[in-house]
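Here's the structure we're looking at; comments come further down.
The values are calculated or read from the model by the stated rules, or taken from the named source; none is laboratory data. These numbers were taken from a predicted model, which means no experiment stands behind them. Every residue, glycine as well, gets a Cβ built from its backbone with ideal geometry; the counts of neighbours run over all protein chains shown.
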Amino acid sequence: MRILVCVLVAAYTVWGAMAMWYQLPGPLPVRWVVISAWCALGVYIIYRSRPTRAARVHSARLSWLAYAAIAGALLAWWSTLAPSHQRFWADDVARMLESDVKGNMVELRNVRNFDWRSETDYTPRWETRHYDLDTLANADLFLSYWMGPKIAHTLVSFGFDDGQRVVFSLEIRKEQQESFSAVGGFFRQFEKVIIAADERDIIRVRSNIRGEDVYVYRLSLSPEQLKTLFMVYLTDAQALLNKPKFYNSLTSNCTTIVYDVARHVDPGLPFDYRLLLSGYFANYAYDHGGLIGGHSFASLREAGRIHSRAVAAGDDDAFSALIRRGVPGVSPA
């Protein structure tokens, strides 16, 4: 039992230190002092948990009471942290998607269509676009690898008969001068936002500007399933607009939202480690019939790598068609 208690104290001490590192206000030296004191208390409590003589029992109990009081205060402070829409947001997440649906006609406001020249040099553009759900023709899954083969950013692109495409992506809502931290994502560092964007923005910035390794796969969906998925994204975006929520690197990220959306089409989709290791999500989709049939996964992956095609396409108006050349299930442009 003593070993279990020590493990729990150690785990809670580490969690508390990380929570304070990412969320405690004030200058860095002050944070260091507070965190160091908290860690020292945790180490002391573990030390006092060893077998002790009766004369020291009273002192050990006082130490435990002090630790319990501070631990409770830490939890109370943590519970006060609330997401907000009122921050100084980075330009690319400064606006939130708004939508109006009248029958089959959809108006999307704040569709992002930035012209990226580098990660810091760009022309911001936010547009209003109109779509007819009766002309919704297909959907594609994009995986953008930015941290090795196990982790990828997941996006879904919807295509219409008139050639229009719009991409939905769950992103961290960074503040100005803030950068992504996978660890910070466990400690309420970021709010989340659903971005609707043009492919020449949200795909090209990853493939051409950041140099990420991007793959595209045609999804196997009926017209009704396409409409369902599209509308679920709009519903989720509206929910975030109404009430801000924190991003979580494990439970509420760019891949779990695709899984949650897909369960509106197939409620029986099982949970799988590939939902956590998002770099394998396309393989998960393939195994459960989500990708176009008639091909091995290896051939779909090979044909779906867009790097050379994206670089050659640049900012061409036909970017979307050019990056899909040779992708199974995509009709030649």
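Observations on the model:
- For the range 202-214, the condition holds for at least one residue, the condition being that it is more than 17 Å from residue 172 (Cα to Cα), among the basic types (Lys, Arg) and crowded, with 18+ Cβ neighbours inside 10 Å.
- The residues of the range 283-313 that are on the phi > 0 side of the Ramachandran plot and over 26 Å from the mean Cα position of the chain (by Cα) amount to a single one, 294.
- Qualifying residue in the range 188-202 (condition: more than 18 Å from the chain's Cα centre (by Cα) and without any contact (Cβ under 8 Å) to a residue 12 or more places away in the chain): no
- Within the range 139-151, the set of residues being in contact with a helix residue (DSSP H, G or I) (Cβ under 7 Å, 6 or more places away or on another chain) and modelled with pLDDT of 95 or more comprises 139, 141, 143, 144, 145.
- So residue 275, is it within 25 Å of residue 211 (Cα to Cα), surrounded by 15 or more Cβ atoms within 10 Å (Cβ to Cβ), free of Cβ contacts under 8 Å to residues at least 24 places away in the same chain and in contact with a Ser or Thr (Cβ under 8 Å, 6 or more places away or on another chain): yes
- In the range 166-201, residue farthest from residue 21 (Cα to Cα) [restricted to those that are buried (at least 22 other Cβ atoms within 10 Å of the Cβ) and aromatic (Phe, Trp, Tyr)]: 168
- Near pairs, Cβ below 9 angstrom, 6+ apart or cross-chain, from the range 67-78 (farther than 15 Å from residue 46 by Cβ) to any residue that is part of a helix (DSSP H, G or I) and of a type in the set (S, T, N, Q): 77/23; 78/23
- Flag if residue 118 is among the small types (Gly, Ala, Ser) and buried (at least 16 other Cβ atoms within 10 Å of the Cβ): no
- Scan of the range 278-323 for residues that are farther than 23 Å from residue 159 by Cα and either touching a residue at least 12 places away in the same chain (Cβ under 8 Å) or not assigned by TED's automatic domain parsing to the domain that holds residue 210 (or both), ordered by number: 278, 279, 280
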